[in-house]
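Take a look at the structure set out below.
Bear in mind that the values in this text are calculations on the coordinates, not laboratory data. What you are looking at is a predicted structure, and each value in this text was computed from that prediction instead of being measured. FYI the Cβ positions are ideal-geometry reconstructions off the backbone, even for glycines, and counts take in every protein chain you see.
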Amino acid sequence: MNFKCPYCGGSRLEHLRNCPKVYNIINKKQFNEKAKKDYFGESPNVFVGRYGYPRVNVGILSNEDIKKDHDSPKTWAGDNYKIPDIVNLRSELINSRFRMDVKTFDQKFLDVTQEVSMLKKPVDVEINLNKKPAFNINYNQDITPYGPSVKLEKAKITENVSIPKAVDKVVSDDDLKAKNAMNYLYDKGYDEHFLTKVISAGNLGVKQERKLVPTRWSITATDDMIGKKLIDEVNDFSMIQDYSIHFGGYLGNNYLIAFFPDSWSYELFENYIGDPKNPDPSVFETGTDFEGYYGRKTYATNTVGGYYATRLAILEHLKRNKRKSTVLALRFITDEYWMPLGVWVVREATRKALANKPLKLNSKEEVLRYIELFIRRKFSFKFDDIKSKSKLIKNLMMQKKLFEF
């Protein structure tokens, strides 16, 4: 995706990383004045890198003054935080890191890392680094941003912690497969954000198969595993009886989601459109992936992590309503989303769209006509580009349901 800086027009991620105007909206000076080599603080999460796999960097994210919203995507979306608000918070998290093989569980800092990952609240820690951290932001399209990375010399948890019973149960079970452990915790009310850090730190699975999972991979793995569980459940429900459309979004990620009375199938189109008020078709980018009744057998290479995050939010919506449906999801990304914040934005934007009151229509033809008119007016986007590529629409138009007669 071609991210464009709203302050100076730079369009590459590396440029955003160095844009002085972006840095002016972030507390760079304040961070550098307060930064310490050694400190007592709190840690809300961990980060496992992927470069050099299977030998990767593992980090404990921490700061002296942790707020409840330093690591809370649902809070950010629920309270409509803007990009600078989120980047300011996340840039304060220091990634105190060490290096280890993903399968060698003998690193001296791993116990601390795993304990942090099993707790629902930030835990008190003592951190000693090999140098004073200097301001920096680490980000890409899949992960939530975080601050500077510095080599860890010493780490210790400085409070008595109580691991939740459900978490302790699955972590202690050496014979329980990771998928079954994740499904158990999800049913106990643990959300995808928590599950991602638990599996990333190598806490789950059959003992001899446990390993660290890079955070970027664990996010998609979590969305996919929980999504597959929900597909099985949703397929046991009755079909929806109405044709409906939801629209909404968050931070320039706009979703139009159409529900058709049919068995489960799902298709996502991701469309980058730039400035909707001054559209330039030459910058439009489109990617799409599809799955039928039994789900996907291969990775969604065109829409990657966004595919699974969007699907999870849709399946949760269907489960709440005890219905199954064929679902067409259209994502329109505008220049308002000028800095990547991670896949959580996609998930929460979808949830916001689904929370809005739906438009009810009478037929699939009406739905498709409405979509065509709406996206032309809203985004100057031609629906023909989608219809010509859509497997889902092709399948719908080839079928005639009993209730349509």
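Couple of notes before you dig in:
- Across Lys364/Lys389; Lys82/Lys277; Lys74/Lys120; Lys229/Lys389; Lys74/Lys132; Lys277/Lys382, pairs whose alpha-carbon gap is larger than 24 Å: Lys229/Lys389; Lys74/Lys132
- Annotation note: chymotrypsin sites (Phe, Trp or Tyr not before Pro) in segment 27-79 located in DSSP loop regions with a Cβ neighbour count of at most 11 within 10 Å are Tyr51.
- Taking other C-beta atoms within 10 angstrom as a stand-in for reagent exposure, Val48, Val125 fall in the order Val125, Val48, fewest first.
- For the chain, with +1 on Lys and Arg beta carbons and -1 on Asp and Glu, the positive-most of Ile393, Gly342, Asn128 along the dipole: Ile393
- For segment 67-137, a/c is not less than 1.5, where a ≥ b ≥ c are the root eigenvalues of the C-alpha gyration tensor, and a/b tops b/c. That puts it in the prolate class.
- Asn180 paired with Met239, simple spin-label distance in nm, labels 7 Å along Cα-to-beta-carbon: 3.5 nm
- Three-way shape label, the chain, alpha-carbon gyration tensor, a/c 1.5: oblate
- Sites matching trypsin sites (Lys or Arg not before Pro) across segment 301-352 that sit in DSSP coil, with at most 12 neighbouring C-beta atoms within 10 Å: Lys322
- Prolate/oblate/rounded call for segment 166-234, Cα gyration tensor, a/c under 1.5 rounded: oblate
- Note: relative contact order over the chain, using C-alpha pairs below 8 Å and six or more positions apart, is 16 percent.
- Relative contact order of segment 26-157, pairs being alpha-carbon contacts under 8 Å that are 6 or more residues apart, as %: 33 percent
- Residue order for Glu33, Glu291, fewest other beta carbons within 10 angstrom first, comes to Glu33, Glu291.
- Helix-only CD estimate at 222 nm, as mean residue ellipticity for the chain, using -39500 (n - 2.57) per DSSP H run (n ≥ 4): -10500 deg cm²/dmol
- Ranking of Val123, Val58, Val206 by count of other Cβ atoms within 10 Å, fewest first: Val206, Val123, Val58
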